[in-house]
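Note sheet for the following structure.
The values are calculated or read from the model by the stated rules, or taken from the named source; none is laboratory data. Computed from a predicted model, the values in this text were never measured in an experiment. Backbone-built Cβ (ideal geometry, glycine too); neighbour counts: all protein chains shown. These area figures cover heavy atoms from the full protein model, side chains too; ligands, DNA and RNA do not enter into them. Shrake-Rupley method; radii C 1.70, N 1.55, O 1.52, S 1.80 Å.
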Amino acid sequence: MRTIRLTLIVLFALALIGSSGLAQSTSKLVEICSASAGTDATYLKDFVVQLDAAPAGAKAPVAKFSMVLSKNIIYRFTICNSDETEAHAVLQLYDMSTLLGSTFNPSTGKEYKSFDFTCQKTGVYHVFISFIDGKKGNAVGILSYIKSL
């Protein structure tokens, strides 16, 4: 009985250490990515993503986030990959079904760290984050305030 209790205590302690290590690396990635948005950017929100690889022949998994953006505000969307991730994350901004901005241009294959978006109308917007070719990966997206018009 004593052995079982000791085993449970050790497993519980290992679980706490493991989860706190993950939280620290995620918070550090958010901090680094927020800083990389630029000195003119004010952090508003982060989008933490951890996606599995897509099965062969299937669509790439996508993390979806919704938020309200305000008219006459310039926002910056920034994407950062975790150091442990070889895949490249893509952040896309949609208004309903219209693509408004992306960190990846599929026609040229060019990747961008961030893009600015001038909001023309207050409303609900959607952020989609995925990984190129449906690979497994961890990333964080940052929404920042740039200025009011």
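For the stretch 113-128, filtered to residues that are open to solvent by less than 50 Å² (accessible area, probe 1.4 Å) and out of contact with any Cys (no Cβ under 9 Å at 6 or more places or on another chain), the residue that is farthest from ILE73 (Cα to Cα) is PHE128. Selection of the stretch 71-86 for residues being open to solvent by less than 50 Å² (accessible area, probe 1.4 Å) and either over 18 Å from SER114 (Cα atoms) or among the basic types (Lys, Arg) (or both) yields ARG76, THR85. Taking the stretch 67-149 and the strands (runs of 3 or more DSSP E) fully enclosed by it, the elements with 1 or more residues that are among the basic types (Lys, Arg) are at 73-81, 137-148. Restricting attention to the stretch 31-54, the residues that are touching a Phe, Trp or Tyr at 6+ places or on another chain (Cβ under 9 Å), polar (S, T, N, Q) and not in a strand (DSSP E or B) add up to 1.
Just to be sure, is GLY57 assigned to a loop (DSSP other than H, G, I, E, B) and under 30 Å from SER148 (Cβ atoms)? Against the criterion (assigned to a loop (DSSP other than H, G, I, E, B) and under 30 Å from SER148 (Cβ atoms)), GLY57 does not qualify.
Across the stretch 51-103, the number of residues qualifying as within 14 Å of the chain's Cα centre (by Cα) and among the aromatic types (Phe, Trp, Tyr) comes to 2.
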